[in-house]
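Q: Provided herewith is a single structure, encoded as structure tokens, for subsequent inquiry.
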Amino acid sequence: MMAILLLEAFGPLRQPADIALLERLIRQSKTWAFVDELAIVITGPLMERSPELLPVLDRWAVDGDFWLRRSAMLALLRPLRRGHGDFTRFARYADGMLEEREFFIRKAIGWVLRETAKKRPGLVYRWLLPRCVVASGVTVREAVKYLSPRQRAEVLDAYESARRR
């Protein structure tokens, strides 16, 4: 945790070459308490300042280590939360992970969708509705929190209908 706090404190000094260190720290962390901070607070701002690193996130999104896959999505969280960001990239990652059984992946997808919906609920609704039939319950429950009542009901009805089949 001290390493994470130091990386955060000296954020402006982080350079694109530091991505290898961040990947190693994420791989070694093996817990959400460290991985989420490394992804959101450390890697995310580096990606915003150094978009040439985005192919690294693309690689992480298909890596065998689910913590690295989770980090690929969470590194995109802050700008999406602000109402900007690369939803197309996130959606591509989430589509590839939507049917995974790993709880921490399912939760991350729902979390990013929930935070994106605070500013862009229509975007989340349009993406989620056709996918809610294959998404996990935790993903759907997180994602619908900031949708309009009508949108939330429609997604939850479609999700429940698919579960009954």
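Q: Which of rounded, prolate or oblate describes region 69-165 when judged by the alpha-carbon gyration tensor and an a/c cut-off of 1.5?
A: Oblate.
Q: Give the separation of the Cα centroids, region 89-143 to region 32-81, in Å.
A: Each part's Cα centre sits 16 Å from the other's.
Q: Continuing with this model, one more query. Could you compute the FRET efficiency for residue 163 and residue 3, with r as their C-beta to C-beta distance and R0 at 45 Å, rounded to 0.05?
A: That pair, residue 163 with residue 3, gives E of 0.60.
Q: For residue 24 and residue 48 in one chain, what is 0.36 nm times their gap in residues minus the Cα-Cα distance, to one decimal in nm?
A: So the extension gain works out to 6.6 nm.
Q: Report, in order of residue number, the helices in the chain meeting two criteria: a C-alpha extent of 20 Å or more along the helix axis, and a mean Kyte-Doolittle hydropathy of at least -0.5; treat each whole DSSP H run as one helix.
A: Span-like helices, by this rule, are 103-117.
Q: Here's another thing I want to ask about it. Would you kindly give the portion of the calculated P(r) for region 1-94 that falls above 16 Å, as a percent of all Cα pairs? Write down the numbers at each step before the final one.
A: Values: 2095 of 4371 pairs.
Tail of the P(r) past 16 Å holds 48 percent of the pairs.
Q: In angstroms, what radius of gyration and Dmax does the chain have, counting Cα atoms only?
A: In order Rg, Dmax, the Cα atoms of the chain give 16.0, 53 Å.
Q: Restricting attention to the alpha-carbon atoms of region 106-154, what are Rg (one decimal) and Dmax (integer), both in Å?
A: So, for region 106-154, Rg and Dmax equal 9.2, 25 Å respectively.
Q: Follow-up question, since we're still on this one. Report the residue, chosen from 50, 29, 71, that carries the largest GNM mean-square fluctuation when the chain is represented by alpha-carbon nodes joined by springs under 10 Å.
A: 50
Q: With an 8 Å Cα cut-off and a minimum separation of 6 or more residues, compute the relative contact order for region 23-165 in percent.
A: 18 percent
Q: Could I ask something else about it? Going through region 73-119, which trypsin sites (Lys or Arg not before Pro) have at most 10 other Cβ atoms within 10 Å and a DSSP loop state? Before the final figure, lay out the partial values.
A: Working: sites: 81, 82, 89, 92, 101, 106, 107, 114, 118, 119; in loops: 82, 101, 118, 119.
Taking region 73-119 and a limit of 10 other Cβ atoms within 10 Å, the loop trypsin sites (Lys or Arg not before Pro) found are 101.
Q: Restricting to DSSP H runs of at least four residues, report the calculated mean residue ellipticity at 222 nm for the chain, -39500 (n - 2.57) per run over all residues, nearest 500 deg cm²/dmol.
A: Value at 222 nm, helices only, nearest 500: -18500 deg cm²/dmol.
Each reported figure results from applying straightforward, stated rules to the coordinates on display, with no laboratory input. Keep in mind that what you see is a predicted model, and the values were worked out from it rather than measured. Because the Cβ atoms are built from the backbone with ideal geometry, glycine has one as well, and the counts that use them run over all protein chains shown.
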